[in-house]
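Notes follow the structure.
What follows is calculated from the coordinates using simple rules that are stated; it is not laboratory data. Not measured: the values here are computed from a predicted model. No Cβ is skipped: glycine too gets one built from the backbone with ideal geometry, and neighbour counts run over all protein chains shown.
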Amino acid sequence: MKKRLWRIIIGAVLIATALAIKNIKIEWLKTEWCIAALYLLSYIIVGGDVVVRAIRNIFRGKVFDENFLMTVATIGAMIIAEYPEGVAVMLFYQVGELFQSYAVDKSRKSISDLMDIRPDYANVKRGNELVKVDPDEVRVGDIIVIKAGEKVPLDGRVIDGNSMVDTSSLTGESVPREVEAGSEVLSGCININGVISVEVTKEYEESTVSKILDLVENASSKKSHSERFITKFAMYYTPIVVIIAVLLAIIPPILIKDASFSGWIYRALSFLVVSCPCALVISIPLSFFGGIGGASRKGILVKGSNHLEALAKAEIIVFDKTGTLTKGIFNVREIHPEGISKEELLELTAYAESYSNHPISNSLRRAYGKEIDGERITDVEEISGHGVIAMIDEKKVAAGNVKLMEKLNIPCSNDEVDGTVIHVAIDSLYAGYIVIADEIKADSAYAIKELKKSNIKQTVMLTGDTKNVASKVANALGIDKVYSELLPGDKVEKMEELFSQKSAKGKIAFVGDGINDAPVLACADIGIAMGGLGSDAAIEAADIVIMTDEPSKITTAMRVSKKTLGIAYQNIMLAIGIKFIVLVLSALGVTNMWMAIFADVGVTIIAVLNSFRALNVKNL
Amino acid sequence: MRNDYKLGVITMKKKFILEGAICANCAAKIEMAINKLDGVKEATVNFMTRKMVVEGEDEKMSSIIQAAEKIVKDIEPGATMKKA
């Protein structure tokens, strides 16, 4: 790149000399051939490599190659004695190329800096020694030691030590998290102060850090519509412009009396200068690359340019309730036993639900507080959307919602309560119910409000929870439509119903926490998974992963998406617009080759600089 | 994406890195040309990361790679395909 820069500088100096000579009084220097020689020399220095490539490509039968086009345009200009133009076109063409490669490198670098979470080594305990090894070589179950200031190289569980960890590179969240023995730590975080020993739970390939890196690096492979459009456009644009140029050089001089050949050739050559599609083709992926990079800085992982583009067109946003709009941390609020003691009811329910990982089951186990003795449980049957039936101490315990009780023909109280109710029956006798409640996340209401401001036509909430709980949450948040008491299968059905309500170009986004909603995530136009940290299923199934569990990040993602798309459109309009105007003007002979150079190189530079804005997401 | 690809055909994915100077338009041209090769299910060339992923029929992979190398050389003589 340095060499190229020097060639451009020397070439520019020679051109300036050639131009200056005209005004000095040394007669022998002012001769035509001397000036021509200076131009030729600078042309060779600046554009020699382009000419060489062009010749090589002719033998390969590639006439629409940009090297070839530039060579024809510049040599043509010199043949009709327009030396300064000829050399300047080549000079500026090279400036444009240099700038492009600089911009792309810079953009690549800023993304890799952004993603500077790749751990370089891990300190593994081997016997009493600490060995520094590549994270690749660490196996599950190994003990690694992470000192202050070091990156967590692999996912694992802390077994010793206390510390604060900085998760900002993964989540964009700046408040450090406290960890102690028993807490999970994720690779890519930075250990701030203490020393911690961690038992590795995932190999490097499976670790959060490599998943995220893989995701971001491959994101721009999935191309956006605008990028596909522009490559298609480029495919036709160049040949058409070149053909018109040829016609322009031949036909008018034949048809029009007194028309000068060189005048029309000059116009045709201007066409060739504008015929390169590079400004267009480069600025679109550059914008999306920047947008995806900027989003990841905010803790939003976008899996493809196409998804970032689709998000800007979202019309309906569908939310899962639990874990998405609410914290998903349930707590046992009330216990209403019938015929047995409170403790007994809680114990049996906790046992019955102990095989499930659902947040509700976890809350029961937490409230019960004692170890679950697996041997007391036999025959667990989970009935999706209803509950569980399990044999505990030879008693048949059924725990679930009203539907389960109806199914088993057990009458139960159906009072309105604020929360999720788990009814329990022991040996087909009603034994009371437990009320479990969840909390709405702090920023949920703000997120819904902001979404409405940004032209979302409808917000919808889907939940398996009762109508009562669902409508309370929806009212508190200002959600337009609620579908409650849904089985996992019903959610997909409701989504299909919603598809018929959107406009032809509008998109539907579904936001879930990745637990139990993978099919819905997959069937939406845009699947957004919340709280992606540590949840493989979510990262797998979604198109966009929000690393923190803040719903307000959806609005941030939409802003990034709209900004990126806006920049891409601006670039398309700018480049096509200016090129078209210059083409028309050169055909009419109104403008000159200098304008054509601007339409090519100038526009490239403006478009590239514009696409850099996509990376800046500070105020979004 | 061609999701309706012949059923029952085993495909595999190969990853490459394109080294050397490569322009955005050429990357697109390379992608298009490789996608037209026999046995290729999907090929993507990522200009920004210089990564190329070719998914194609298991049996035809070696001929696909050879053809792809020739395409890269033809379109961008300065670039080479390296296994990633």
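Only bridges with both residues in region B:13-83 count here: give the DSSP antiparallel percent, nearest 5.
Of all bridge pairs located within region B:13-83, approximately 100 percent are antiparallel.
So, in Å, what gap is there between the alpha-carbon centers of region A:409-478 and region A:563-581?
That distance is 47 Å.
First check a/c for region A:331-437, with a ≥ b ≥ c the square roots of the eigenvalues of its C-alpha gyration tensor; if it is under 1.5, answer rounded, and if not, answer prolate when a/b is larger than b/c or oblate otherwise. Please list the in-between numbers first.
On the way: a/c = 1.35, a/b = 1.13, b/c = 1.20.
It comes out rounded by the Cα gyration axes.
Where in region A:27-100 are there chymotrypsin sites (Phe, Trp or Tyr not before Pro) that are in a DSSP coil and have at most 11 other Cβ atoms within 10 angstrom of their Cβ?
Sparse-neighbourhood loop chymotrypsin sites (Phe, Trp or Tyr not before Pro): none present.
Quick check for region A:1-122: number of Lys pairs with alpha-carbon distance under 19 Å, counting only pairs 8 or more apart or on different chains? Present the calculation step by step, with values, prior to reporting the outcome.
On the way: A:LYS2/A:LYS106; A:LYS2/A:LYS109; A:LYS3/A:LYS106; A:LYS22/A:LYS30.
Taking region A:1-122 as the scope, the lysine pair count is 4.
By how many degrees, 0 to 90 and rounded to 10, does the Cα axis of helix B:24-35 deviate from the longest principal axis of chain B?
20 degrees
What is the helix-to-structure angle for A:359-368, meaning the angle in degrees between its Cα long axis and the longest Cα principal axis of chain A, kept from 0 to 90 and rounded to the nearest 10?
Between helix and principal axis, roughly 40 degrees.
Report, in degrees rounded to the nearest 10, the 0 to 90 angle that the Cα long axis of helix B:61-75 makes with the longest principal axis of chain B.
Between the helix axis and the principal axis of chain B, the angle is about 30 degrees.
Take the alpha-carbon centre of region B:39-67, take the same for region A:590-615, and report the distance between them in whole Å.
Distance between centres, Cα-based: 33 Å.
Using only the Cα atoms of region A:122-217, build the gyration tensor, take square roots of its eigenvalues as a ≥ b ≥ c, and label the shape rounded, prolate or oblate: rounded if a/c is under 1.5, else prolate if a/b is larger than b/c, else oblate.
oblate
If R₀ is 60 angstrom, what is the calculated FRET efficiency for the pair A:ILE410 and A:LYS457, using the beta carbon separation as r and rounding to 0.05? Mind dumping the intermediate values first?
Working: r = 43 Å, r/R0 = 0.72.
In this case the efficiency is close to 0.90.
Check cross-link reach from A:LYS579 to the aspartates and glutamates: straight Cα distance under 19 Å, and skip same-chain residues fewer than eight apart.
Partners within reach: A:ASP65, A:GLU66, A:GLU85, A:GLU97, A:GLU227, A:ASP600.
I'd like the FRET efficiency for A:ASP49 and A:ILE192, computed as 1/(1 + (r/R0)^6) with the beta carbon distance as r and R0 of 51 Å, rounded to 0.05.
On the way: r = 51 Å, r/R0 = 1.00.
E between A:ASP49 and A:ILE192, to the nearest 0.05, is 0.50.
Within 10 Å, count the other beta carbons around each residue, average over each peptide in A:165-174, A:334-343, A:577-586, and list them highest first.
Those peptides, ordered most packed to least, come out A:165-174, A:577-586, A:334-343.
Would you mind ranking A:SER354, A:SER112, A:SER270, A:SER428 so that the residue whose beta carbon has the fewest other beta carbons within 10 Å leads the list?
A:SER428, A:SER112, A:SER354, A:SER270
Taking 0.36 nm per residue of sequence separation and subtracting the Cα-Cα distance, how much length would be gained by fully extending the chain between A:ILE254 and A:ILE240, in nm to one decimal?
That works out to 2.9 nm of additional length.
In region A:214-234, which residues have a backbone nitrogen under 17 Å from the label point lying 7 Å from A:SER112's Cα in the Cα-to-Cβ direction?
A:214-220
Size of the dipole of the protein assembly as shown about the Cα centre, Lys and Arg at +1 and Asp and Glu at -1 on the beta carbon, nothing else charged, in debye to 20?
For the protein assembly as shown, the charge dipole is close to 4160 debye.
Averaged over B:44-56, how many beta carbons belonging to a partner chain fall within 10 Å of each residue's beta carbon? Write out the running numbers ahead of the final one.
Details: counts 5, 2, 10, 11, 17, 11, 2, 4, 1, 2, 0, 0, 0.
Mean partner shielding for this stretch: 5.
Considering only region A:383-518, what is the antiparallel percent among its DSSP beta bridges, to the nearest 5?
Of the beta bridges lying entirely in region A:383-518, close to 85 percent run antiparallel.
Could you name the aspartates and glutamates in cross-link range of A:LYS125, using Cα to Cα under 14 Å and dropping any fewer than eight places away on the same chain?
Hits, sequence-local ones excluded: A:ASP134, A:GLU137, A:ASP142, A:ASP160, A:GLU199.
Using only alpha carbon positions, build the gyration tensor of region B:13-83, then give the equivalent ellipsoid semi-axes as the square roots of 5 times its eigenvalues, largest first, whole angstrom.
Semi-axis lengths for region B:13-83 are 18, 11, 11 Å.
So, by mean Cβ neighbours within 10 angstrom, what's the order for A:237-244, A:601-608 with the highest one leading? Don't jump to the answer; show the numbers that get you there.
Working: A:237-244: 16.2, A:601-608: 22.1.
For the peptides A:237-244, A:601-608, the packing ranking is A:601-608, A:237-244.
Given labels modelled 7 Å from the Cα in the Cβ direction, how far is it in nm from A:SER341 to A:SER262?
11.1 nm
Taking each residue in A:331-343, count the Cβ atoms of any other chain within 10 Å of its Cβ, then average. What number comes out?
That works out to 0 on average.
Over 26 Å between C-alpha atoms is what I'm after, so list which of A:LYS298/A:LYS507; A:LYS298/B:LYS29; A:LYS303/B:LYS83; B:LYS41/B:LYS83 land there. List each step's numbers first, then the result.
Values: A:LYS298/A:LYS507 23 Å; A:LYS298/B:LYS29 33 Å; A:LYS303/B:LYS83 23 Å; B:LYS41/B:LYS83 19 Å.
Pairs exceeding the cut-off: A:LYS298/B:LYS29.
Take the alpha carbon atoms of region A:44-58, find their center, do the same for region A:312-339, and report the distance between the two centers in whole angstrom.
Computed from Cα coordinates, the inter-centre distance equals 66 Å.
Which of A:GLU206, A:GLU394, A:GLU347, A:GLU217 has the fewest other C-beta atoms within 10 Å, and how do the rest follow up to the most?
By the 10 Å Cβ count, ascending, the order reads A:GLU394, A:GLU206, A:GLU217, A:GLU347.
For region A:419-528, which trypsin sites (Lys or Arg not before Pro) pass both filters: DSSP loop (anything but H, G, I, E, B) and at most 11 other C-beta atoms within 10 Å?
Sparse-neighbourhood loop trypsin sites (Lys or Arg not before Pro): A:LYS505.
If you scale each eigenvalue of the Cα gyration tensor by 5 and take the root, what three semi-axes come out for the protein assembly as shown, rounded to whole angstrom and sorted largest first?
63, 28, 22
Take every DSSP beta bridge whose two residues both sit in the protein assembly as shown, then give the antiparallel share in percent to the nearest 5.
Percentage antiparallel, nearest 5: 80.
Aspartates and glutamates near A:LYS232 by alpha-carbon distance under 15 Å, same-chain residues fewer than 8 away left out - which ones?
Correct list for A:LYS232: B:GLU31.
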